[in-house]
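Read-outs: derived from the displayed coordinates by stated rules, not from any lab. Remember, predicted model here, so these are calculated numbers, not experimental data. Here the Cβ is made from the backbone with ideal geometry for all residues, glycine too, and neighbour counts use every protein chain on show.
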Amino acid sequence: MENSKPIGSRWKLLDGRALLIALALMITGVIVAQMVAQYVTTTELDRGLNRSRLWWELVLNLQLLSVGMIWFSYADRISAATGSVRRMHIINCGFVSLSAFMPTILGALSASNNWFEIRPGPDVFVGFFLFGVSFWFIGLVLQLLLAHFKKKTNRHRHLRRRDVAIFVPSLALGIVALVDAPGGGTLWLIFTPLMLYLQGALPYFMKAFGYSGRMVPAKGGG
């Protein structure tokens, strides 16, 4: 029967390419979180790390590695798909690649606003928080659209009902923000990119290890 899996095999690696995408997103999340931490928790002198050539060479190489992993993971999916599914794979590949380049985008924005010399105000960080949530929401919509088109092209595909656990990163971020932000804390600012990138990577982790929660067979499934 395809509509059930032994408990012992729920976390077996089934899709290594999905794991590469998840790892690429987490690499980016850690980099962005470190950049935010440099702005909000260190002195003017200590923040020289974000202006270091060695630091940016490392970041750029990691971004190129991440984008390469993403392209490698999507290339076969794109070439094997047709119609709306293929278009959604291309859009998702571009969106995830853009996510991997976010440290460079933030670096360019910081340079243009002289944030490497002058610490940005709280309103800037709130704006980044809202931007990050919006960016994650767009990624979620794209994933849902891809799942919708896949379901239309395979009527006998088993529908998967994911556990609430998939939203743990967002819930954790919300709790940290509610507790830390009112008191003027900065922990929630550092957690924001880390948890949002983890939230974006979680569906890929679940796909990589074949975890789908409870299985609900579609009509006509066997």
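General remarks:
- Working note: Karplus 6.51/-1.76/1.60 with θ = phi - 60° gives region 120-133 the couplings x, x, x, 5, 5, 5, 5, x, 5, 4, 5, 4, x, 5 Hz, where Gly and Pro are set to x.
- Projected label points at F116 and S79, each 7 Å from Cα along the beta carbon direction, are separated by 4.0 nanometres.
- Label separation (A108 vs L14): 3.9 nm, computed from points 7 Å beyond Cα along the C-beta direction.
- Distance between the modelled labels on I175 and W56, one decimal in nanometres: 3.9 nm (7 Å Cα→Cβ projection).
- Over region 14-212, volume per residue of the alpha carbon convex hull, in Å³: 117
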